[in-house]
1. When the residues of region 187-203 are narrowed to those that are buried (at least 22 other Cβ atoms within 10 Å of the Cβ) and of a type in the set (Gly, Ala, Ser), which ends up farthest from Asn239 (Cα to Cα)?
2. Among the residues of region 151-170, which ones are modelled with pLDDT of 95 or more and in a loop (DSSP other than H, G, I, E, B)?
3. Answer yes or no: is there a residue in region 107-116 that is open to solvent by less than 30 Å² (accessible area, probe 1.4 Å) and among the β-branched types (Val, Ile, Thr).
4. Show the residue pairs that are 6+ apart or on different chains and have beta-carbon atoms under 9 Å apart, the first residue being within region 203-216 and under 10 Å from Ala160 (Cβ atoms), the second being among the aromatic types (Phe, Trp, Tyr) and at pLDDT 95 or above.
5. Working carefully through the options Thr86, Thr66, Thr49, find the one that is among the β-branched types (Val, Ile, Thr), open to solvent by 70 Å² or more (accessible area, probe 1.4 Å) and at pLDDT 95 or above.
6. For region 140-163, how many residues are touching a Leu at 6+ places or on another chain (Cβ under 9 Å) and open to solvent by less than 40 Å² (accessible area, probe 1.4 Å)?
7. Name the residues in region 143-186 that are of a type in the set (Gly, Ala, Ser) and either under 22 Å from Ala233 (Cα atoms) or in contact (Cβ under 8 Å) with a residue 24 or more places away in the chain (or both), would you?
8. When you scan region 30-41, do you find a residue that is under 13 Å from Val251 (Cα atoms), part of a loop (DSSP other than H, G, I, E, B) and open to solvent by less than 50 Å² (accessible area, probe 1.4 Å), even just one?
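The values are calculated or read from the model by the stated rules, or taken from the named source; none is laboratory data. Computed from a prediction, not measured in an experiment: that's the story for all the values here. Here the Cβ positions follow ideal geometry from the backbone for every residue, glycine too, while neighbour counts run over all protein chains shown. Side chains are part of the model used for accessible areas, which takes the heavy atoms of the whole protein and leaves out ligands, DNA and RNA. Shrake-Rupley method; radii C 1.70, N 1.55, O 1.52, S 1.80 Å.
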Amino acid sequence: MPVRQHPEDRLDSLLDADDGTALARFCMYDDDGESVAADVQPLPGAALTAVAAQARRDLAGVRLDTPDEGLADALVAGGLALHQATTELRHDLAELPAPPVLPAGWTLAEPGWDADLARACDAAYGPDHPNWRWQSGDNEQMRAIFDAGDPVPPLRSASARVVGPDGRSAGHVLCAGPVPWTDDVCGWILDIAVAPHAQGNGLGRALLTHALRGTREAGLSTLGLSVLDRNPARRLYDNAGFRTHARVFSVLLPPTADSTGTQ
Ligand SMILES: CC(C)(COP(=O)(O)OP(=O)(O)OC[C@H]1O[C@@H](n2cnc3c(N)ncnc32)[C@H](O)[C@@H]1OP(=O)(O)O)[C@@H](O)C(=O)NCCC(=O)NCCS
């Protein structure tokens with residue numbers, strides 16, 4: 001079997017060469033209908049070209065996410081395009097900025113989800129966003145987090161809405177923590193967004209400062225997040241003292257006739 005369950009960790013899988021030698025370990029999951037082979041780590045001694053070729057065959061049609069830049073390079077050298085690159089950041093919460101003064105009429109309010117916030121996020125992740133568009137499914141995900149704690153409940157002390165002089169939500173920061181998907185114990189910024197009409201006034205920095213201070217208040221000693229390359233929000237995080245923790249490279253492995261079930 002080219003792909004099999006890891007014998008010591010039932011959440012992980014192994015990618016084998018045809019002769020049964022284990023080449024890489026990874027964790028398979030479904031991301032909103034997309035099959036993802038996450039955290040693909042070549043095993044010591046495995047040639048990256050061999051891992052790349054085997055993955056293309058046995059994980060065809062899957063999105064491969066790897067922290068190993070050499071493996072991503074080997075896939076690209078084989079003719080595939082890098083789909084996206086993400087940086088995972090961490091803040092150690094040792095030195096925190098003072099809460100900034102908000103522009104007149106603006107306040108931070110209790111976290112929550114409402115129609116104004118849905119519109120603000122839709123506009124913030126609009127056609128000009130370098131990475132993606134807000135989808136209607138994202139509204140459902142937000143409601144599931146607030147209403148059912150699914151997949152994680154909000155960390156309320158670190159989350160907030162920003163409300164304008166008209167009393168309407170114009171942005172938010174939503175945190176959770178400790179989150180189950182990191183090796184270290186940390187809080188996580190699930191989303192931070194400010195409607196375009198309100199951007200550039202220090203509201204994003206105020207929300208981020210609230211998240212940092214509220215995470216420490218909750219007794220956690222690290223706050224993390226993930227940001228895609230080309231998102232200018234990266235500067236906000238760097239200036240606030242976040243440091244690179246890991247890089248993740250994503251490559252879409254093309255489907256084959258076998259993987260799609262066509263002849
Ligand atoms: C990131 C975001 C929340 C910042 O909100 P904001 O209210 O404009 O932030 P601020 O006014 O406090 O600006 C803080 C810093 O953000 C940086 N920044 C963030 N987005 C930027 C953009 N689109 N263009 C230029 N700089 C940007 C700047 O470095 C700025 O610092 P400066 O004033 O010293 O230049 C907002 O741009 C946004 O909603 N973006 C779309 C959603 C998104 O991508 N979120 C991050 C997901 S990882």
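1. In this case the residue turns out to be Ala195.
2. Step one: filter region 151-170 for residues modelled with pLDDT of 95 or more, giving 152-170.
Those that are modelled with pLDDT of 95 or more and in a loop (DSSP other than H, G, I, E, B): Val152, Pro153, Pro154, Leu155, Ser159, Gly164, Pro165, Asp166, Gly167, Arg168.
3. Taking region 107-116 as the starting set, the residues that turn out to be open to solvent by less than 30 Å² (accessible area, probe 1.4 Å) are 109, 111-112.
From what's left, among the β-branched types (Val, Ile, Thr): none.
The answer is no; no qualifying residue exists.
4. Ala206/Trp106
5. Numbers: Thr86 fails: open to solvent by 70 Å² or more (accessible area, probe 1.4 Å); Thr66 fails: open to solvent by 70 Å² or more (accessible area, probe 1.4 Å).
Exactly one residue qualifies, and that residue is Thr49.
6. Going through region 140-163 one residue at a time, the tally reaches 10.
7. First, pick out the residues of region 143-186 that are of a type in the set (Gly, Ala, Ser): 144, 148-149, 157-160, 164, 167, 169-171, 176-177.
Scanning region 143-186 gives Ser157, Ala158, Ser159, Ala160, Gly164, Ser169, Ala170, Gly171, Ala176, Gly177.
8. No, region 30-41 contains no residue that is under 13 Å from Val251 (Cα atoms), part of a loop (DSSP other than H, G, I, E, B) and open to solvent by less than 50 Å² (accessible area, probe 1.4 Å).
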